[in-house]
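Everything below concerns the one structure shown next.
What follows is calculated from the coordinates using simple rules that are stated; it is not laboratory data. Here the structure is a predicted model, which is why all the values come from computation and not from measurement. Neighbour counts are summed over all protein chains in view; Cβ atoms, including those assigned to glycine, are modelled from backbone coordinates with ideal geometry.
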Amino acid sequence: MITTRGGDGGETSLGDGSRVRKDALRVETYGTVDEVNAVLGLLRLHLDPEADAMVARIQNDLFDLGADLCVPGAAGGRLRVTAAQCLRLEQEVAAMNAHIPPLRSFVLPGGSAAAAHAHLARTVARRAERLVVALAAVEEVNAEAVRYLNRLSDHLFVLARRCNDNGARDVTWVPGRG
């Protein structure tokens, strides 16, 4: 059943069954990870099959990350984001970046629809990363969660450049132009 009425009082259940306010930092954190995932769903509408497959894997990873973040403490053998998932992102970034010329200016979000959506996802991923760091300052958090989101924002930046004809259609910053 979708409608349980359990949250009508402003509380929700964490993965360990404990109840917290819906504005708790942990809930805000995994809610923002869910927001990244939703933006990636929009991005996928504009991608070629190879990029779509990468982003589909990332969406699955983000559910793993949400499951990791929704359970406070060590919690034994729960699902966790792993170093292998971070490594896969690094490898994909390196493979994409091998075909893209080095930057000569800051890149503005835009160019193609796919690139714009990738940049939007990147900024939401950065917000999620900041929230995980804030949560880790007050509660135990899997260190791979921060690493994963940091790698993800890099991945989305390079993917945006790939979506702009490997950087040829990047929109670049021109200082002082208004």
### Summary
For the chain, the Debye formula with one identical point scatterer on each Cα and no solvent gives log10 I(q)/I(0) at q = 0.09 Å⁻¹ as -0.36
### Query
For R169, what is the net charge nearby, where nearby means another residue's Cβ is under 13 Å from its Cβ and Lys, Arg count +1, Asp, Glu -1?
0
### Query
All other residues with a Cβ under 13 Å from the Cβ of R44 taken together, and with Lys, Arg as +1 and Asp, Glu as -1, what is their net charge?
-2
### Task
Please list 137-149, 113-125 highest first by mean number of surrounding beta-carbon atoms within 10 Å per residue.
113-125, 137-149
### Sequence-distant residues sharing a close amide H with E11 (under 5 Å, placed H)
K22
### Message
Quick check: residue separation of F63 and T4 times 0.36 nm, minus the Cα distance between them. What number comes out in nm?
### Response
19.1 nm
### Task
Neighbouring Cβ atoms within 10 Å as the yardstick, rank I100, I58, I2 fewest first.
I2, I100, I58
### Spacing of the two label points (7 Å from each Cα toward its C-beta) at E50 and A113, in nm
2.2
